[in-house]
């Protein structure tokens, strides 16, 4: 995890904006109560965003039309407390203590057993505990239910300790990126020579070949001659500003497919993204943030810089929502299916680069979906990652592989691990095509 002190309100507002279309379909009001001067707290932005999306999407799903879902943040002595409350159906008292267990389904028809395995709440609990916090549920009778989680206030030394603890807790493998022979040339367009030297050194230490352009005009010329895999671009330059450079590069047939990462002291993300840049990093920044951004581009960049498309097929709406948000945040395109037949139809129609498939699907189960897709010439070459709520026996794994499944994973599985598996699959697929 990447724990950094930050304000919670911008993150909460981002999640509310993301889920607003879902809430509008049911005429559900989304409310936020968080002071603008709220104390900064150390957290991993991506993970806490995942927690909020999961809890709020749950609230929207289980709240009747015309209800409300609210997020409230307040400070206690050594922690901050975030409460997500909805006006939907509650949880039976006997079930409240086990609602966060993996794949726990509740039996009572008056409780939240509608669609889902409880996987999302198990993941949520693990993320909060990795941050050193806690999470619990509070029944509010006929008024709904509240999920409450805490994040500790930390000093710098405690943050470092939490990072180490979280790393040991998660035991997640590092990303395995696509080969550097396919994505290895970076053009740095920056007229601050000291900064460009620092960026160049860090990228070269990562194994990239780096060319520096000391201004916009030089950068436009080198983008054509150097043919970089990606470009880092400053905005405030003396000759031509970065926005103009980006506009020229994205209109030129020779350079329009090169992904651009804007690096600037100006927080003009909206304008940058409107020009088609791939990422925007605000100065000052840690060099590793730029390296991570380039590595993400490398994962989902194909021959012409197109984004990889992932078909997420799972009967659990919570899992689909969380994975969709997480993959979209990383720059992937996604499409969603909630039963086996829909997964087959979308695989044929959308031609995704990878399919993530839950084994126990309605209409057609995962076994039938894999068998059908591998027999159809239109979909036979699409890599498939099979997910299962229960541990898959070794013989069944072998059977799935014989059918054509590329990988079998047990839930819960992190997005980081899925990206690692996807990158290996794409790399292997390209190697086969070249041989």
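Every number in this text was worked out from the coordinates using simple rules, so none of it is lab data. Being a predicted model, the structure only gives us computed values, none of them experimental. Positions of Cβ are generated from backbone atoms using ideal geometry, with glycine treated the same way; all protein chains shown enter the neighbour counts.
Using Cα pairs under 8 angstrom and six or more residues apart, how large is the relative contact order of segment 192-290, in percent? Please list the in-between numbers first.
Working: 121 pairs, mean separation 21.3, N = 99.
Normalised by residue count, the contact order of segment 192-290 is 22 percent.
Applying a 10 Å radius around every beta-carbon, put 125-138, 371-384 in order of their mean neighbour count, most first.
Ranking the peptides 125-138, 371-384 by packing returns 125-138, 371-384.
Would you kindly state how much longer the chain becomes between residue 129 and residue 143 on full extension, computed as 0.36 nm times their sequence separation minus their alpha carbon distance, in nm to one decimal?
Additional length available on full extension: 2.3 nm.
Which order do the peptides 225-234, 10-19, 280-289 take when ranked by the mean count of other beta-carbon atoms within 10 Å per residue, highest first?
225-234, 10-19, 280-289
Starting from the Cα coordinates of segment 10-92, work out the convex hull volume and express it per residue in Å³.
100 Å³
For segment 185-299, just say rounded, prolate or oblate: build the C-alpha gyration tensor, square-root its eigenvalues into a ≥ b ≥ c, call rounded for a/c under 1.5, and beyond that prolate if a/b exceeds b/c, oblate if not. Kindly include the intermediate steps, with their values, before the conclusion.
Details: a/c = 1.23, a/b = 1.14, b/c = 1.08.
Note, shape of segment 185-299 comes out rounded.
Rounded, prolate or oblate for segment 185-234? Axes are the square roots of the Cα gyration tensor eigenvalues, ordered a ≥ b ≥ c, and the cut-off for rounded is a/c under 1.5.
On the way: a/c = 2.47, a/b = 1.16, b/c = 2.13.
Oblate shape, in that a/c is at least 1.5 and b/c is the bigger or equal ratio.
In what sequence, highest mean first, do 24-31, 410-417 appear when ranked by Cβ atoms within 10 angstrom?
410-417, 24-31
According to a simple spin-label model (label point 7 Å from Cα along Cα-to-Cβ), what is the distance in nm between residue 341 and residue 270?
Between residue 270 and residue 341, the label points sit 4.4 nm apart.
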